[in-house]
Amino acid sequence: MKVAVSVLSSYSFCPRSVYLSSVLGLEPDSVASLERGLFDHALRKTLIAKQMELLGAVDDAGGLVSALRDVVERSFGVVLEDYPSVRREDAEAVRSEVLADLGALGERVSYIAEDLGFDAALRRMSPWRVDYPVSSEKLSLCGRIDKVMKESFYYPVEIKTCSPPESVWEGDRIQVCAYALLLEEDVQAKKKIPYGFVEYTRVPEMRPVMNTDSLRKKVSETSEAVFKILEGVVPDICPHGSGRKCESCGYSKKCYEI
Ligand code: SF4
């Protein structure tokens, strides 16, 4: 049996949420911030996939930004159809943020293009793969990596649309490291993948995650803990202190009744 890497991240947020979703099969209630995040995530992945297709089709940063703006406008309604619960004002806010980020992308490409030329700059900034499926019997893990970048080695980038912390959420660190482990096996890497990134779109910033030995161990410990829940261990309602986690959790209504 394999566990989805995203479940390890959920465990880090709250072990009981793993029990509610993966054992009891409960769906979280619709929470506006979650719906917004899912829509944001989907729109950005559509955009990134198109960015890769523009290699060779545009000549400079201005052309790139203009082509990607068209993609956003054309994809917006199509992607929105898959997320009917997202509030219209949230969807419009996502569209504005994504369009604003394109300006920053254009500036970065221009900057790198000064040394490398436009095509090489765009190639460097474009992922090798988007939504890349990975799976391992040995690790008992599976998942889909938002972006796999290829430089002198492959590394994962996880897109997060939530509010970012000062550094990187623990669950996001575990998720990126788990993807690195899966990727090492998938591409038969000769060396360990030293780092990956979390891309917090609200900021927007790419924050590094160093795949240290202790983080690698934490991935395996979290995986073991998740398997115990799947085998029948029921986590308590977490003593979250301020209760802020429960307030933002889609299971808050059902959780306390079980
Ligand atoms: S409501 Fe609170 S205790 Fe229950 S799953 Fe959500 S975060 Fe965990």
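Just one of ALA67, ALA93, ALA42 is in contact (Cβ under 8 Å) with a residue 24 or more places away in the chain and surrounded by fewer than 17 Cβ atoms within 10 Å (Cβ to Cβ); which is it? Just a single option satisfies the conditions, and that option is ALA93. Of all positions in the stretch 2-10, none carries a residue that is assigned by TED's automatic domain parsing to the domain that holds VAL98, among the charged types (D, E, K, R) and either touching a Ser or Thr at 6+ places or on another chain (Cβ under 7 Å) or away from the ligand (no atom under 16 Å from the Cβ) (or both). Being in contact with a Leu (Cβ under 8 Å, 6 or more places away or on another chain) and without any contact (Cβ under 8 Å) to a residue 60 or more places away in the chain is the requirement here; does TYR155 meet it? The answer is yes for TYR155.
Pairs linking a residue in the stretch 133-150 that is farther than 17 Å from PHE197 by Cα to a residue that is open to solvent by 70 Å² or more (accessible area, probe 1.4 Å) and in a strand (DSSP E or B), with Cβ atoms under 7 Å and 6 or more positions apart or on different chains, are PRO133/ARG144.
Residue-wise test of (1) in contact with a helix residue (DSSP H, G or I) (Cβ under 6 Å, 6 or more places away or on another chain); (2) free of Cβ contacts under 8 Å to residues at least 24 places away in the same chain; (3) polar (S, T, N, Q); (4) more than 15 Å from VAL157 (Cβ to Cβ).
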residue: GLN188; (1), (2), (3), (4): no, yes, yes, yes
residue: VAL198; (1), (2), (3), (4): yes, no, no, no
residue: PRO204; (1), (2), (3), (4): yes, no, no, no
residue: VAL219; (1), (2), (3), (4): yes, no, no, yes
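Restricting attention to the stretch 20-34, the residues that are more than 8 Å from the ligand (Cβ to nearest atom) and not in a loop (DSSP other than H, G, I, E, B) total 6.
To keep it simple, each residue is scored yes or no on (1) out of contact with any Lys or Arg (no Cβ under 8 Å at 6 or more places or on another chain); (2) part of a strand (DSSP E or B); (3) aromatic (Phe, Trp, Tyr).
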residue: LYS45; (1), (2), (3): yes, no, no
residue: VAL58; (1), (2), (3): yes, no, no
residue: LEU64; (1), (2), (3): yes, no, no
residue: VAL79; (1), (2), (3): yes, no, no
residue: ALA93; (1), (2), (3): no, no, no
residue: ASP119; (1), (2), (3): yes, no, no
residue: ARG124; (1), (2), (3): yes, no, no
residue: TYR132; (1), (2), (3): no, yes, yes
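For the stretch 103-134, a tally of residues being more than 30 Å from CYS177 (Cβ to Cβ) and open to solvent by less than 20 Å² (accessible area, probe 1.4 Å) returns 1.
The values are calculated or read from the model by the stated rules, or taken from the named source; none is laboratory data. Just so we're clear, the structure is a prediction, and the values are computed from it rather than from any experiment. Backbone-built Cβ (ideal geometry, glycine too); neighbour counts: all protein chains shown. Ligands, DNA and RNA are excluded from the accessible area calculation, which covers all protein heavy atoms including side chains. Shrake-Rupley method; radii C 1.70, N 1.55, O 1.52, S 1.80 Å.
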